[in-house]
Amino acid sequence: MTSPAAVVLAFLDPAFPDGRFADASRPQLLVTDQGATRGDGIFETMLAVGGTVRKIQAHLNRLAGSAEALDLAIPGEDEWRRAITAAVSEHRAQHPPASATDDELVVKLVATRGVEGASTPTAWVQVSPAGAAGRRQRETGIDVILLDRGYDSDVAERAPWLLLGAKTLSYAVNMAALRYARKQGADDVIFTSSDGRVLEGPTSTVLMAHVETPDDGSSVKRLITPLLDSGILPGTSQGALFAAAKAAGWELGYGPLEPQDLLDADAVWLISSVRMLAPVNRIDGKEIGTPSVQKELTAELNELFTGIQ
């Protein structure tokens with residue numbers, strides 16, 4: 001658990017161009033704020049390495065898309081950028097990194113509809129140290145279980161009010177899924193649709209790879225992710241890694257995927273902005289791929305992904 005003393009908060013406020021700093025150990029949110037009472041809001045979570053926030057434009061774009069889906073008016077991009085820069089700089093000044101390997105910060109952007117009856121949102125930037133669990137899972141891999149999300153793969157188009165493609169504060173179901181997985185001895189979850197399609201993780205995007213060796217002895221590597229129109233959140237990390245992998249000669253593919261596709265893959269990963277690329281060792285207790293191939297592919301993709309800004 002992160003101590004409030006290690007958290008920097010910067011509220012977006014027109015009276016403070018670079019954000020209004022607040023004490024994270026003191027109450028800051030009104031009990032009538034609809035982010036707290038209804039989960040009516042949006043957020044983004046980014047990773048800052050060495051003081052530089054990764055993929056900031058992609059996250060700001062997705063934040064704007066989520067706001068549009070919720071009909072939520074939020075501060076402009078320039079305001080967010082100034083507050084992010086100020087909050088990261090303040091955290092590094094208050095808590096200088098002990099070493100280069102420990103110089104990772106979680107940068108969270110939050111915007112709610114504000115207090116009941118308000119015409120302006122509540123918006124802030126939160127900066128805190130990255131936890132050790134994410135780094136450990138990058139290195140050792142994870143075990144996951146498949147859970148039925150309870151929707152079919154066409155529901156996002158049929159019922160846009162479910163907000164399946166937006167990153168909202170309503171994460172109670174996602175957190176319940178993770179708790180359930182841990183009670184089963186697993187680390188994480190891959191959701192499936194009621195009609196049997198692979199979707200996403202509670203806080204991550206699913207990736208899988210196949211390696212083929214044609215008769216000429218060359219190696220063809222294919223990186224695949226589920227279809228976005230199946231009601232999943234567009235992954236900023238998946239998008240960035242796909243672009244880098246394509247430039248490096250990988251072939252790319254987009255579902256539809258079924259659970260058996262994951263079990264037949266040479267490697268499977270869950271990818272997210274803070275944890276980054278976590279290899280999946282087992283799904284429902286079944287070994288995935290070949291350890292040596294998975295290790296080789298993970299190393300190659302990690303090299304591509306860590307070079308992305």
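The values are calculated or read from the model by the stated rules, or taken from the named source; none is laboratory data. Keep in mind the model is a prediction, meaning the values are calculated, not measured. As a convention, Cβ positions derive from the backbone with ideal geometry for all residues, glycine included, and neighbour counts pool all protein chains shown. Quick note on the areas: whole protein, heavy atoms, side chains included, nothing else; ligands and nucleic acids left out. Shrake-Rupley method; radii C 1.70, N 1.55, O 1.52, S 1.80 Å.
Okay, here's what the table says:
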item	result
Placed amide H near ILE145: partners under 5 Å, 5+ positions off or other chain	ASP188, VAL189, ILE190, ASP284
Of SER219, ALA243, ASN281, farthest towards positive along the dipole that unit charges on Lys, Arg, Asp, Glu beta carbons give the chain	ASN281
Where the Cα pairs of segment 4-50 fall when distances are cut into 10 Å bins, in %	20, 43, 34, 2
Choice from LEU60, LEU162, LEU207 with maximal GNM fluctuation in the chain (Cα, 10 Å cutoff)	LEU162
Average silhouette area of segment 22-81, convex hull of alpha-carbon atoms, in square nanometres	5.4
Of SER128, SER230, SER25, the one that fluctuates the most in a GNM where the chain has Cα springs shorter than 10 Å	SER25
Lys, Arg +1 and Asp, Glu -1 on Cβ, resulting dipole of the chain about Cα centre, debye, nearest 20	880
Karplus (6.51, -1.76, 1.60) ³J(HN,Hα), θ = phi - 60°, over segment 101-117, in Hz, Gly and Pro reported as x	6, 9, 8, 10, 10, 8, 10, 10, 9, 10, 9, 10, 6, x, 6, 3, x
Distance (nanometres) between label positions extended 7 Å along Cα→Cβ at GLU212 and GLU139	3.7
Whole-number percent relative contact order across segment 150-309, with pairs defined as alpha carbons under 8 Å at least 6 apart	21
Residue among ALA36, GLY19, THR85 farthest towards the positive dipole end of segment 8-88, charges placed on Cβ	THR85
Percent of alpha-carbon pairs separated by more than 26 Å within segment 1-153	33
For segment 155-309, accessible area per residue (1.4 Å probe, heavy atoms of protein chains only), Å²	47
Long pairs among LYS108/LYS167; LYS108/LYS295; LYS167/LYS286; LYS183/LYS295; LYS246/LYS295; LYS55/LYS183, criterion Cα-Cα beyond 24 Å	LYS108/LYS295; LYS167/LYS286; LYS183/LYS295; LYS55/LYS183
Residue with peak Gaussian network fluctuation, the chain [Cα springs, cutoff 10 Å], from SER153, SER272, SER219	SER219
Whole-Hz ³J(HN,Hα) from phi, Karplus 6.51 cos²θ - 1.76 cosθ + 1.60, for segment 42-55, glycine and proline x	9, 7, 9, 10, 10, 10, 10, 10, x, x, 9, 7, 7, 6
Other-chain or far-sequence residues with amide H under 5 Å of ALA24's (modelled H)	LEU9
Relative contact order (%) - the chain, alpha-carbon pairs under 8 angstrom, separation at least six	18
Rounded to whole Hz, the Karplus (6.51, -1.76, 1.60) HN-Hα couplings of segment 120-126, x for glycine and proline	10, x, 9, 9, 8, 10, 10
Principal semi-axes in Å for segment 87-156 [√(5λ), Cα gyration tensor, largest first]	30, 28, 7
MRE, 222 nm, helices only [DSSP H, n ≥ 4, -39500 (n - 2.57), over the chain, to nearest 500]	-9000 deg cm²/dmol
Neighbourhood net charge (11 Å Cβ-Cβ; Lys/Arg +1, Asp/Glu -1) for GLY231	-2
